[in-house]
Amino acid sequence: MSHYLALTGGVGGAKLALGLTRVLPPEELTLVVNTGDDFEHLGLHIAPDIDTLTYTLSGLANAELGWGRGDESWNCLDTLGQLGGETWFQLGDRDLALHLRRTALLRAGHTLTEVTAVLSQQLGIEPRILPMSDDPVRTIVHSNQGRLSFQHYFVREQCKPRVEQIEFEGAATARPAPGLLEAIASCDAIIICPSNPFLSVDPVLSVPGVRQALLDTPAPVVAVSPIVGGTAVKGPTAKIMHELNLATMADEIANHYGELIDLFVLDELDKFLDGQLPVQTLVAQTVMRTLEDREQLARVVLAAVGRPPDPQ
């Protein structure tokens, strides 16, 4: 049986991840998720990228906002604000239930991998969702306003501070999630979804053993560019690149991944770069506005790594 592994962050990566789940049998897909965004808030363990992926794959995502659950209410948050509590990180009433359940299971001694599997099953998700590590790795943004935890930078400060350096606290002593290195070594292909390379993919690569496993695997590694026509499809990728003195061009992303990747997928707006990079390139429509777009890009990527097309 074939098996494919995808590395993903939140909203942008979850779009392609959804496409992959629509065209692959669930037993053939493992989704490895960034947990550098995780933090404790109001006494609860929040895992934003895992949650975004979970809601997306279960059909519960808020399509308008791009994060959180649809059909949401905010009574708890409103009351919390009236009582003088912190409301900068918006947790809806239905969303809170997920965080309460996760936190209770973690405090009962279960690992994040185990808890993610339980919650995925309860929400009807069949492909395996695997956190990058059960150990805490926290993305820290060093900025012109000082040292900021990721959610303080991303949500509370709305990405306004100028990024000077990005650190992955705890990475040096973290262990890859159980089965992750083995999955990389034995899968047919690895797909790096169009998530933010610096904030969503690099934390995964910072876990000891993961980068080397990607270098050592005989399977092809393909990355989809999150930069289209000089701008980021989603989030602060372009802003961060500018502040780190990188040109906001797709080829910079390919250079960032370097020898890790065997194929780089460019959007049609960047087709002038096709054949001009030190890595093999492929041009496709990478902006995923519709479910059909997600499925089509998944098929293109899978075909590029040798998976036979679906029977008609």
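The table below lists the values:
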read-out: Some residue of region 205-213 being assigned to a loop (DSSP other than H, G, I, E, B), of a type outside the set (D, E, K, R) and surrounded by 16 or more Cβ atoms within 10 Å (Cβ to Cβ); value: yes
read-out: Number of the condition not met by T79 [criteria: (1) open to solvent by 20 Å² or more (accessible area, probe 1.4 Å); (2) in contact (Cβ under 8 Å) with a residue 12 or more places away in the chain]; value: (2)
read-out: So H45, is it farther than 19 Å from G124 by Cα and of a type outside the set (F, W, Y); value: yes
read-out: Filter pass, Q276 being open to solvent by 50 Å² or more (accessible area, probe 1.4 Å), more than 18 Å from L7 (Cβ to Cβ), in contact (Cβ under 8 Å) with a residue 40 or more places away in the chain and out of contact with any Asp or Glu (no Cβ under 7 Å at 6 or more places or on another chain); value: no
read-out: Which numbered condition V265 misses (of (1) in contact with a strand residue (DSSP E or B) (Cβ under 6 Å, 6 or more places away or on another chain); (2) surrounded by fewer than 22 Cβ atoms within 10 Å (Cβ to Cβ); (3) not in a loop (DSSP other than H, G, I, E, B)); value: (2)
read-out: One residue from G13, G81 being in contact with a Leu (Cβ under 9 Å, 6 or more places away or on another chain) and of a type outside the set (S, T, Y); value: G13
read-out: Helices (runs of 4 or more DSSP H) fully within region 34-151 counting 3 or more residues that are at pLDDT below 95 and at negative phi; value: none
read-out: Filter result for T281 (crowded, with 17+ Cβ neighbours inside 10 Å, at pLDDT below 95 and outside any helix (DSSP H, G or I)); value: no
read-out: Residue count for region 284-300, restricted to those that are within 15 Å of A223 (Cβ to Cβ) and open to solvent by 30 Å² or more (accessible area, probe 1.4 Å); value: 1
read-out: Candidate set from region 222-231 (those that are among the β-branched types (V, I, T) and under 16 Å from the mean Cα position of the chain (by Cα)); member that is surrounded by the fewest Cβ atoms within 10 Å (Cβ to Cβ); value: V222
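A quick yes/no check of all residues on (1) touching a residue at least 40 places away in the same chain (Cβ under 8 Å); (2) open to solvent by 60 Å² or more (accessible area, probe 1.4 Å):
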| residue | (1), (2) |
| --- | --- |
| D95 | yes, no |
| L106 | yes, no |
| A117 | no, no |
| P136 | yes, yes |
| T139 | yes, no |
| N144 | no, yes |
| H152 | no, no |
| R156 | yes, yes |
| V163 | yes, no |
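Residue by residue, here is whether (1) assigned to a strand (DSSP E or B); (2) more than 17 Å from the chain's Cα centre (by Cα); (3) of a type in the set (D, E); (4) crowded, with 20+ Cβ neighbours inside 10 Å holds:
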site: P178; (1), (2), (3), (4): no, yes, no, no
site: L215; (1), (2), (3), (4): no, yes, no, no
site: G235; (1), (2), (3), (4): no, no, no, yes
site: M241; (1), (2), (3), (4): no, yes, no, yes
site: T248; (1), (2), (3), (4): no, yes, no, no
site: G258; (1), (2), (3), (4): no, yes, no, no
site: L269; (1), (2), (3), (4): no, yes, no, no
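The values are calculated or read from the model by the stated rules, or taken from the named source; none is laboratory data. Keep in mind the model is a prediction, meaning the values are calculated, not measured. Cβ: placed from backbone, ideal geometry, glycine included. Neighbour counts: every protein chain shown. Each accessible area value is taken on the protein alone, full model and side chains, heavy atoms only, with ligands, DNA and RNA left out. Shrake-Rupley method; radii C 1.70, N 1.55, O 1.52, S 1.80 Å.
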